[in-house]
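Inspection log for the structure reproduced underneath, given as structure tokens.
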Amino acid sequence: MRSSESSSNAERAALVLLALGDVGLGGIALKDLAARTGDAKSALHRTLVALMRHGFIEQVEGGRNYRLGSAVYALSRRQSSASEKVKLWRPVLMELGERLSCTMFLMERIGLDGVVLDMHIGATPVPILAEGPGRRIPLGYGPGAVALLSRQEAEEREAILAANDERYRERGIDPALVRFRVEEAAAAGFARSSGDIHAGYGGVSVPVINRNGMTDTAITASTLTQRLTEEAIAEIVAAVNEAVARLMAPALVVQPMEATD
């Protein structure tokens with residue numbers, strides 16, 4: 001098999017798993033899956049058969065729809081770097097949630113997406129991310145994903161914005177607003193949202209710099225927009241940076257990036 005064909009098959013399988021991760025227990029029909037992925041039904045069917053053989057996909061009773069299989073759940077329960085990160089940061093989310101009376105989220109960058117690794121529901125439940133851990137959203141969509149994108153190199157930011165352009169539009173958000181929020185976050189050192197995605201709710205997100213000087217994690221505090229005064233935003237940023245400093249090291253607290261042309 002040619003390497004290009006192998007790569008194409010692997011990418012198709014990844015897209016199938018991601019698409020099935022967005023549907024419920026009822027699953028999705030082959031024709032609808034084809035519409036989501038943009039692949040031919042014949043090629044998708046071969047991929048589905050291969051994934052079913054290893055338990056990653058199963059057919060819903062009746063045989064028309066497909067959903068994630070038990071092998072996915074089994075893999076997710078194994079110890080991983082993500083689970084270690086959750087174990088490390090969960091006490092921080094709980095502390096911040098109680099201190100700030102906000103719902104807290106821990107998000108990690110994976111490719112073009114931000115993935116919610118963990119959350120702590122505070123005094124203000126946030127409906128837009130009610131699905132909680134495991135939810136994938138395009139980088140740039142929402143304060144956590146904006147914070148992550150803002151810390152990438154300028155060339156990479158542009159590539160991600162271009163790749164996710166249609167996904168922003170599908171979610172009803174103007175790509176120009178995404179760009180504005182990303183540039184704003186890069187200058188300020190944190191991201192903010194005031195009802196951009198869900199009316200009446202907003203958030204503040206602080207990217208965390210790891211020991212290699214890179215950013216793949218962000219901590220977000222979400223609450224009612226009416227609570228997000230400039231004073232409250234400053235308090236959230238200070239509280240998150242303080243928590244990061246205590247857990248990791250003072251040198252890892254985020255600083256604003258230099259403006260780029």
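All of the numbers you see were taken from the coordinates with simple rules; none came from a lab. Fair warning: this is a prediction, and the values are worked out from it, not measured in the lab. Heads up, the Cβs are rebuilt from the backbone with ideal geometry, glycines too, and the neighbour counts pull from every protein chain shown.
Annotation: aspartates and glutamates with alpha-carbon distance below 13 angstrom to Lys31 (same-chain offsets under eight excluded): Asp39.
Please give the contour-minus-distance gain from Leu18 to His45: 0.36 nm per residue of separation, less the Cα-Cα distance, rounded to one decimal in nm. Can you show the working numbers first?
Details: separation 27, 0.36 × 27 = 9.72 nm, distance 1.58 nm.
My answer for the length gained is 8.1 nm.
Between Gln59 and Ala187, full extension at 0.36 nm per residue minus the direct alpha carbon distance yields a gain of 41.2 nm.
One decimal place: the segment His198-Glu231 gains 9.7 nm when fully extended, by the rule 0.36 nm per residue minus the C-alpha distance. Label separation (Leu112 vs Asp32): 2.2 nm, computed from points 7 Å beyond Cα along the C-beta direction. Spin-label model, Ser83 to Arg136: label points 7 Å out along the Cα-to-beta-carbon direction sit 2.1 nm apart. Sorted into 10 angstrom bins from 0, the C-alpha pair distances of the range 166-253 split as 16, 44, 30, 10 percent.
Projected onto their three principal axes, the Cα atoms of the range 3-75 cover extents of 34, 27, 19 Å, largest first.
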